[in-house]
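Remarks on the structure that follows.
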Amino acid sequence: MAKFGPSRKEIKFRLVASLAGLALMVFALVYRGVPKGPAIVEVVGIAGLFFGGTAIWSLIKLRQPDDDE
């Protein structure tokens, strides 16, 4: 990992938290139904983009080799 970046432990936590957020969002959509109108942008668009982007970023960072020398 980078000298000043987050540790692998923190990146793993971010991955777990973002996957949990995506799971809660899917649960809410299944339980309450898909919102109509502008609420769909907030629920699916913004939350999905945030949690999905964080999960993808975390996976990319975890696949990089360690630079601990």
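From the list Leu29, Leu15, the one residue that fits, being within 15 Å of Gln64 (Cβ to Cβ) and hydrophobic (A, V, I, L, M, F, W, C), is Leu15. Checked against the criterion of being farther than 24 Å from Lys3 by Cα, out of contact with any strand residue (DSSP E or B) (no Cβ under 7 Å at 6 or more places or on another chain) and assigned to a helix (DSSP H, G or I), the candidates Val16, Val30, Val34 yield just one match: Val30.
Six or more apart or on different chains, Cβ under 8 Å: which pairs go from a residue in the stretch 15-39 that's touching a residue at least 40 places away in the same chain (Cβ under 8 Å) and within 13 Å of Phe50 (Cβ to Cβ) to one that's hydroxyl-bearing (Ser, Thr, Tyr) and surrounded by 12 or more Cβ atoms within 10 Å (Cβ to Cβ)? Could you list them? Within 8 Å, the pairs are Ser18/Thr54; Ser18/Ser58.
Residues in the stretch 46-69 that are assigned to a helix (DSSP H, G or I), loosely packed, with under 12 Cβ neighbours inside 10 Å and not β-branched (Val, Ile, Thr): Leu49, Gly53, Arg63.
Every number here is computed from the coordinates shown, using simple stated rules; none is lab data. What you see is a predicted model, and the numbers here were worked out from it, not measured in a lab. Cβ coordinates were reconstructed from backbone atoms using ideal geometry, including for glycine residues, and neighbour counts include every protein chain displayed.
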